[in-house]
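Let me give you the structure first, and then I'll get to my questions.
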Amino acid sequence: MPSLKVKKTVWSFFLFFWIALPGVSHGHAFPDHSDPRVGATVSGSPSTVRIWFDGDIEPIFSTISVQDASGKRVDKGNGHVDPPDSTLLEVSVPPLPPGTYRVIWSVVARDGHRTMGDYTFVVK
Ligand SMILES: [Cu+2]
């Protein structure tokens, strides 16, 4: 009975989204805003790169690094979650010469789910 099989598959599909989607929207941490902003051109080097997330992130599983245009890591290696604000991930950078920089982040939300991404900004 092929039609019954199809019905069952469709039902499983909806059941999956009905269960999974609310969990996704409540659990995962996604960037809310950052400094420098995504794609921004800034005049003068920032001293710190910061990303604020839309929920708390786990300090020991969350990382942030900054690379120059050649892919060389340029941050000071002190990336961490801000103790007073567990939605803020930050790392210090030395004075950056003009160029394009990539920020690479990976965080684990309180529900144990990992999200990761990267973005660039330009120092002119
Ligand atoms: Cu999640």
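The values are calculated or read from the model by the stated rules, or taken from the named source; none is laboratory data. Computed from a prediction, not measured in an experiment: that's the story for all the values here. Cβ coordinates were reconstructed from backbone atoms using ideal geometry, including for glycine residues, and neighbour counts include every protein chain displayed.
If you scan the range 106-124, which residues turn out to be more than 16 Å from the ligand (Cβ to nearest atom) and either part of a loop (DSSP other than H, G, I, E, B) or more than 13 Å from Ser45 (Cβ to Cβ) (or both)? Lay out the reasoning, then the answer.
Pass one, the range 106-124, residues more than 16 Å from the ligand (Cβ to nearest atom): 118-124.
Correct list: Asp118, Tyr119, Thr120, Lys124.
What are the residue pairs meeting all of these: first residue in the range 30-41, first residue under 15 Å from Thr100 (Cβ atoms), second residue of a type outside the set (Val, Ile, Thr), Cβ atoms under 7 Å, and 6 or more apart or on different chains?
Pro36/Pro46; Pro36/Phe121; Val38/Tyr119; Gly39/Tyr119; Gly39/Phe121; Ala40/Phe121; Thr41/Lys124
If a residue must be surrounded by 14 or more Cβ atoms within 10 Å (Cβ to Cβ) and without any contact (Cβ under 8 Å) to a residue 12 or more places away in the chain, how many such residues does the range 59-73 contain? If you could, list the steps in order and put the result at the bottom.
Step one: filter the range 59-73 for residues surrounded by 14 or more Cβ atoms within 10 Å (Cβ to Cβ), giving 59, 62-68.
Imposing the further condition that a residue be without any contact (Cβ under 8 Å) to a residue 12 or more places away in the chain reduces the set to none.
Residues in the range 59-73 being surrounded by 14 or more Cβ atoms within 10 Å (Cβ to Cβ) and without any contact (Cβ under 8 Å) to a residue 12 or more places away in the chain: 0 in total.
Select, from Gly55, Gly39, Gly44, Gly23, the only residue that is at pLDDT 75 or above and more than 21 Å from Phe121 (Cβ to Cβ).
On the way: Gly39 fails: more than 21 Å from Phe121 (Cβ to Cβ); Gly44 fails: more than 21 Å from Phe121 (Cβ to Cβ); Gly23 fails: at pLDDT 75 or above.
Testing whether each residue is at pLDDT 75 or above and more than 21 Å from Phe121 (Cβ to Cβ) leaves just Gly55.
With (1) under 19 Å from Val38 (Cβ atoms); (2) of a type in the set (S, T, N, Q); (3) away from the ligand (no atom under 16 Å from the Cβ) as the list, and Ser62 as the residue in question, which single condition is left unmet?
(3)
Further, regarding this structure: Restricting the first residue to the range 74-95 and requiring it to be under 16 Å from Val108 (Cα atoms), which pairs with a second residue that is surrounded by 15 or more Cβ atoms within 10 Å (Cβ to Cβ) and among the polar types (S, T, N, Q) meet a Cβ separation below 6 Å and a spacing of at least six or different chains?
Gly79/Thr63; Val81/Ser62; Leu89/Ser62
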